[in-house]
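Chemist: Before anything else, here's the structure in question.
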Amino acid sequence: MGKKRKRKANDNGYKLEGENPRKKATKATIEKGILGEARSLQKIQGTCINANEIFKVTTTSRRRQRKIVKPPEEFDKAMGQLQLNFEGLYNGLRIYPYNAEGQQIAKTTVEVDGVKMGEYSTKDQKHAEMRALEDLLKNGKLELNTDGTLTANSEISFETDIPNCGFCTAILNVLGAGGLLTEPSKGKFNLASNGYYPLPGEIKTNRQFWENLTGIDTEKMLDYVFQNDSSDYDSKWDNFIKSPDHFNSFTVNIFKELAEQL
Ligand SMILES: [Zn+2]
């Protein structure tokens with residue numbers, strides 16, 4: 001372990017518990033089923049006004065036609081102005097100070113029904129926790145539901161050897177998988193602070209997950225991006241995630257916003 005770095009409690013009224021109370025990370029073991037309460041920002045009124053202002057649509061009653069406020073070519077500009085409030089992600093959570101050095105490599109060890117499934121290290125900027133999730137999803141030990149939360153099909157033990165960074169803490173909570181966090185923190189980790197934080201593919205493409213994370217009304221957003229397109233929202237979303245310009249701009253800006261709040 002590197003030098004200990006003390007984090008200041010932030011000025012959002014957010015409480016951090018004292019200096020790292022646990023010398024060593026403890027194992028988080030969860031039973032089959034729901035992994036923890038999903039923390040959806042959609043339930044918190046008024047948190048994402050700015051983001052939805054960007055994607056505002058108005059209805060002109062005379063023509064009964066939707067009029068889009070901004071043209072789609074301005075999407076990137078609008079994404080650059082994205083302002084979200086993720087504070088609700090941490091409400092009521094027991095959070096530890098993040099005192100691992102930014103360049104440390106995290107390792108997550110996973111056991112399924114008492115048998116070791118694997119060890120995952122942070123690689124190509126994909127955090128150990130996300131690599132472990134990816135494998136658990138592939139093996140069907142975890143399942144991503146249509147509401148954007150995870151369910152365990154087995155008993156899963158998940159141990160990460162350094163504090164879970166703020167990104168992993170937020171993402172696992174949004175996925176309703178807070179039970180997999182070993183030592184949740186609000187700190188940054190490695191290059192995720194530059195707005196790049198690779199997610200398992202199945203999670204990355206799940207529309208409900210993004211709604212839960214940001215509170216953005218994705219139907220409004222898709223109307224904005226695909227004007228004069230009468231296909232359903234699922235087809236529009238498929239086109240959106242296949243469009244690297246738009247989808248990358250969307251995800252990178254969200255992670256940049258999140259990084260500012262960690
Ligand atoms: Zn992380």
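Chemist: Taking into account only those residues within region 118-140 that are away from the ligand (no atom under 13 Å from the Cβ) and surrounded by fewer than 19 Cβ atoms within 10 Å (Cβ to Cβ), which is modelled with the lowest pLDDT? Can you show your working first?
Modeler: Step one: of region 118-140, the residues away from the ligand (no atom under 13 Å from the Cβ) are 118-119, 124, 134-140.
Narrowing the set further to residues that are surrounded by fewer than 19 Cβ atoms within 10 Å (Cβ to Cβ) leaves 118-119, 124, 135, 137-140.
Details: 118: 96, 119: 97, 124: 85, 135: 97, 137: 97, 138: 97, 139: 95, 140: 96.
Selected residue: 124.
Chemist: Scanning region 107-117 for residues that are of a type in the set (Val, Ile, Thr) and away from the ligand (no atom under 12 Å from the Cβ), which turns out surrounded by the fewest Cβ atoms within 10 Å (Cβ to Cβ)? Explain how you work it out, then say what you get.
Modeler: Narrowing region 107-117 to residues of a type in the set (Val, Ile, Thr): 108-110, 112, 115.
Those still in the list that are away from the ligand (no atom under 12 Å from the Cβ) too: 109-110, 112, 115.
Values: 109: 18, 110: 25, 112: 19, 115: 9.
Ranking the qualifying residues of region 107-117, first place goes to 115.
Chemist: Also: When both residues are 6+ apart or on different chains and their Cβ atoms are under 6 Å apart, which pairs have a first residue that lies in region 72-97 and is at pLDDT 75 or above, and a second that is assigned to a helix (DSSP H, G or I) and surrounded by fewer than 18 Cβ atoms within 10 Å (Cβ to Cβ)?
Modeler: Final answer for the pair search is 83/50.
Chemist: Right, another one. Cβ-Cβ distance below 9 Å, separation of 6 or more or different chains: which pairs start in region 149-171 with a residue that is more than 16 Å from the ligand (Cβ to nearest atom) and end on one that is of a type in the set (Phe, Trp, Tyr) and at pLDDT 90 or above?
Modeler: 149/209
The values are calculated or read from the model by the stated rules, or taken from the named source; none is laboratory data. Here the structure is a predicted model, which means the values were calculated and not measured. Backbone-built Cβ (ideal geometry, glycine too); neighbour counts: all protein chains shown.
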